[in-house]
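The values are calculated or read from the model by the stated rules, or taken from the named source; none is laboratory data. Here the structure is a predicted model, which is why all the values come from computation and not from measurement. Positions of Cβ are generated from backbone atoms using ideal geometry, with glycine treated the same way; all protein chains shown enter the neighbour counts.
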Ligand SMILES: Nc1ncnc2c1ncn2[C@@H]1O[C@H](COP(=O)(O)OP(=O)(O)OP(=O)(O)O)[C@@H](O)[C@H]1O
């Protein structure tokens, strides 16, 4: 599999030189869904911010298609950022409460007018049709176009956030605990949506979660982060194999997988 994202020997500390991330390395292939699991405070969100080039590592590099993201500036950084989009845990916090749904989902296209996703080319000349096509892609009806975030359910809000994130047809979607704020039944629907999008628009994922069952369902491979170190990387079907690291086995046992 062609490497898409390479995380190479990343170190990061904030205070007292305590490493929040310690020599973290893994690769995500094109079309692959890579799950990163670990308990609270293990460094998952820090790694997400570094992958999104929102923060710099103290050492190590992150490359997308072979290009070191943290060496880029200005136009080149903007161009690279288009290919990595993010879905956060809480859609209420990530959506602008004053924008109607249709404006929210097409807003990224205003910043990158030449970057219309392949699945949107037919409707690109009409902004509301563009927005409706994006909603359709995430399983929402166009009658929601003029609603505001507070007029949507939590699951609908997260779908809107996903529609916005895929509007530029990124190569990689970073998902940071994207189902944690949702009801259990809605969580399953959103996981199914991620799975469908992987196939329909060829997305790759860095899927960050503490939910091993979700990761096993969605991801091709899994990395386990503990105190800022990757202690185990394996194909998700081998989650319950005897070869797993003791910490992975303890996590799986704790949730009765
Ligand atoms: N900006 C910051 N300044 C100082 N310390 C920070 C900063 N960001 C994160 N940390 C510390 O780094 C460690 C890892 O935090 P991080 O948010 O990456 O963990 P996490 O695995 O995502 O946790 P959770 O699952 O609870 O979100 C924590 O000890 C946290 O307090």
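Is it true that residue 78 is at pLDDT below 95 and either touching a helix residue (DSSP H, G or I) at 6+ places or on another chain (Cβ under 8 Å) or away from the ligand (no atom under 16 Å from the Cβ) (or both)? Give the steps one after another, and end with the answer.
Numbers: at pLDDT below 95: yes; either touching a helix residue (DSSP H, G or I) at 6+ places or on another chain (Cβ under 8 Å) or away from the ligand (no atom under 16 Å from the Cβ) (or both): yes.
Spelling it out, residue 78 is indeed at pLDDT below 95 and either touching a helix residue (DSSP H, G or I) at 6+ places or on another chain (Cβ under 8 Å) or away from the ligand (no atom under 16 Å from the Cβ) (or both).
For the stretch 178-257, which helices (runs of 4 or more DSSP H) that fit wholly inside it have 1 or more residues that are modelled with pLDDT of 90 or more, surrounded by 20 or more Cβ atoms within 10 Å (Cβ to Cβ) and more than 16 Å from the ligand (Cβ to nearest atom)? Before you say what the answer is, go through the steps one by one.
Numbers: elements: 184-200, 212-218, 246-254.
Qualifying helices (runs of 4 or more DSSP H): 184-200, 212-218.
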### Message
Looking for something under 16 Å from the mean Cα position of the chain (by Cα) and not in a strand (DSSP E or B) - is there at least one such residue anywhere in the stretch 63-81?
### Response
yes
### Message
Being more than 9 Å from the ligand (Cβ to nearest atom) and in a helix (DSSP H, G or I) is true for just one of 28, 50. Which residue is that?
### Response
50
